[in-house]
Amino acid sequence: ETPNRAVPSGYRNTEDAITFMEDFAQTYPDIATLHNIGLSVQGRPILGLQIRDTDDPINSWKILGTHHGDELSASETSLDFIQFIDDNINTPELDTWLQSNELWIVPHVNPDGIESVSRYNANYVDLNRNYDWEWTSEEFLSGDHAFSEPETQAIRILEDWTSFTGGLSLHAGAANISWVWNYSVAPVIDAQLVYSLA
């Protein structure tokens, strides 16, 4: 059963994060749009903040935070990206970047897990293991089938809607950058390219 714990002091709960993103979108309506991309098991919104200054970006990037609700620094780091943009708005570097790029930030993929400070969603599924890439029922708490959970379905809808150039899925507990091929020890065909991107 999912533990019932409160978000520790110093971390933002789902309501705080929503308010922060709403404030940013209202402050910068020319470049920011807040989208509700789905609902969690318990009906909490899964929000994505789209930041761009062009109708036809060359590249689209995504940052996904907190698949695991007990990895609270992942959500804080994704929200820090929003703060970084706020702090650097109207700088030549950011203006130039936004002319050809867009950024999507989804700080809380697992809002129910955030609220209970649990690794799992309200169905006790590990969302990070519920996608279809190498999904297996033998994986610990991976769900009944790939995309069985509304949270991963929301991310799939976002992926179908936007063709991403690349992105980050933020976690906590290890100091490393890995890529989706990390399910295997066999090298990916374009390992050097993937390594340099990481």
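Within the range 6-24, the only residue that satisfies the criterion of being touching a residue at least 40 places away in the same chain (Cβ under 8 Å), under 14 Å from Asn36 (Cα atoms) and polar (S, T, N, Q) is Thr14. Counting only helices (runs of 4 or more DSSP H) that fall entirely inside the range 6-106 and contain at least 2 residues that are among the polar types (S, T, N, Q) and within 15 Å of the chain's Cα centre (by Cα), the qualifying elements are 72-87.
Contact annotation: residue pairs with Cβ atoms under 7 Å, 6 or more positions apart or on different chains, pairing a residue in the range 106-119 that is in contact (Cβ under 8 Å) with a residue 12 or more places away in the chain with a partner that is of a type in the set (Asp, Glu) and in a helix (DSSP H, G or I), are Val109/Glu151; Asn110/Glu151.
Every residue, every condition in (1) surrounded by 11 or more Cβ atoms within 10 Å (Cβ to Cβ); (2) in a loop (DSSP other than H, G, I, E, B), yes or no:
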| site | (1), (2) |
| --- | --- |
| Ser142 | yes, yes |
| Arg156 | yes, no |
| Ser163 | no, yes |
| Ser169 | yes, no |
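Here is a yes/no grid of residues against (1) modelled with pLDDT under 95; (2) closer than 26 Å to Asn130 by Cβ; (3) open to solvent by less than 50 Å² (accessible area, probe 1.4 Å):
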{"site": "Thr2", "(1), (2), (3)": "yes, yes, yes"}
{"site": "Tyr11", "(1), (2), (3)": "yes, yes, no"}
{"site": "Phe24", "(1), (2), (3)": "no, no, yes"}
{"site": "Gln42", "(1), (2), (3)": "no, yes, no"}
{"site": "Gly48", "(1), (2), (3)": "no, yes, yes"}
{"site": "Ser60", "(1), (2), (3)": "no, yes, yes"}
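None of Asp126, Asp190, Asp132 is in contact (Cβ under 8 Å) with a residue 12 or more places away in the chain, open to solvent by less than 80 Å² (accessible area, probe 1.4 Å) and either touching a Leu at 6+ places or on another chain (Cβ under 6 Å) or not hydroxyl-bearing (Ser, Thr, Tyr) (or both) except Asp126.
The values are calculated or read from the model by the stated rules, or taken from the named source; none is laboratory data. None of these values were measured; they are calculated from a predicted model. As a convention, Cβ positions derive from the backbone with ideal geometry for all residues, glycine included, and neighbour counts pool all protein chains shown. For the accessible areas, the whole protein counts, side chains as well, though only heavy atoms, and no ligand, DNA or RNA atoms are used. Shrake-Rupley method; radii C 1.70, N 1.55, O 1.52, S 1.80 Å.
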